[in-house]
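Read the figures in this text as sums done on the coordinates, not as results from a lab. The model shown is predicted, which means the values in this text are computed figures rather than measured ones.
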Amino acid sequence: MQPNSNTDFSPAHLTAEQIQRIKNLESELRNQANENIVLIAYESENKG
């Protein structure tokens, strides 16, 4: 997947609860897929 050169992304600003939910989902997906899965949250810097 090629990044869109017209869109900039930065790490998403997440609450501790949101981060924990991502960690829980990573764990669930790792167990289901038997793979080392990592989820990453970004937000678009383009507004609009």
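List every residue whose amide H lies under 5 Å from the amide H of PHE9, counting only residues 5 or more places away in sequence or on a different chain, with H placed 1.01 Å from N in the peptide plane.
GLU45
Considering amide H positions built from the backbone, and no H for Pro or chain starts, which residues 5 or more places from ILE37, or on another chain, come under 5 Å of its amide H?
Here ARG30 satisfy the definition.
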